[in-house]
Amino acid sequence: MSDIDKKPSTVRTERVLVIGVVVNTGLAGLKILAGLVSGSPSLLADGYHSLGDLATNGLAWLSWRWARKPADEDHHYGHGKMEAVAALVVGGLLVATGIGVWWHAARGESVTYKGSEVWIALTVALLSIVVNAWLTRLTLHAARETDSPSLTALAADNHSDVWTSALVVIGVSSSAYGLNWVETVATVLIGFFVLMMGQQVVRTSFDTLTDRISDAGLRGRVTELARAVQGVCDVGTIAAHPLGGSLRVDMEISVDGTFTVRQGHAIAHAVEENIIKFEKAVVEVAVHVNPADDPGA
């Protein structure tokens, strides 16, 4: 086991990801079964939503482990972008699921609950609300402790599940009183939630794969952190490169041209350490040192 796999934050992150996979497997199966038994289209749609969550959690877990692999001869910058590749696949699946839910709702099938069917649907939906609220708290707590973007995204996803299950409760309850159109609207809204979540995941992962840096203030903060190091005369080009959920920064600094190579090397290391210390998203910094008295620097 590598050193990074032994860190408490790493163990905690993986534990939460595994819990998410197990919980969403159970919820997806339970909702789909109850949706088929009760005939509730909104609960069935929410079950498909949980299937999307299962895919999200499962791929997040697998890609997270893959992304932890160090650089090798074929991947000089490591495997960090595997998280973005997996997220792109999941996003596509969620978009397809959302469209499928809309198509199902467009059929406009009327639901008439008999006997215990309404209570089956309501019990499962209420159980889903409780479980997802607990999973949201668990994931968000771990995300704040580990500063993990993957866990932060999963916490938001789990929170949205609370609202989609609440829509099921509203829809089923309304259908029980003859207001079938309310459940149809609830099903459409669930499809909308899934579709929006999918397109957000696709957009974010596409940004990572195309090296887009959405943090407009990053260069300014990195410049100030570099200038704060004693011996830095000026800061030149700064470029950030996404490594999955983290960043690598390539930059140039200028130091006194009379300094020895050893002195320049020490200043560069101090700059690297200062940036990584205060910019949590940055895990690697490559510093090129120029002499301040060089006109071309």
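Express in % the proportion of alpha carbon pairs of segment 218-291 at distances exceeding 22 Å.
Working: 427 of 2701 pairs.
Summing the P(r) of segment 218-291 above 22 Å gives 16 percent of all pairs.
Close amide H pairs (under 5 Å, H built 1.01 Å from N) link Ala292 with Val255, Asp256, Gly257, residues at least 5 positions away or on another chain.
Evaluating 6.51 cos²θ - 1.76 cosθ + 1.60 at θ = phi - 60° for every residue in segment 278-284, the Karplus couplings come out as 9, 10, 5, 6, 8, 10, 9 Hz, glycine and proline recorded as x.
Please work out the FRET efficiency for the pair Arg227 and Gln199, using the Cβ-Cβ distance as r and a Förster radius of 45 Å; give the result to the nearest 0.05.
Details: r = 40 Å, r/R0 = 0.88.
After rounding to 0.05, the efficiency reads 0.70.
A cut-off of 5 Å between modelled amide H atoms, ignoring neighbours fewer than 5 places along the same chain, links Val285 with Val249.
Computed from the coordinates by the stated procedures, all read-outs in this text should not be read as laboratory data. Every value quoted in this text rests on a predicted model; they were computed, and no experiment measured them. No Cβ is skipped: glycine too gets one built from the backbone with ideal geometry, and neighbour counts run over all protein chains shown.
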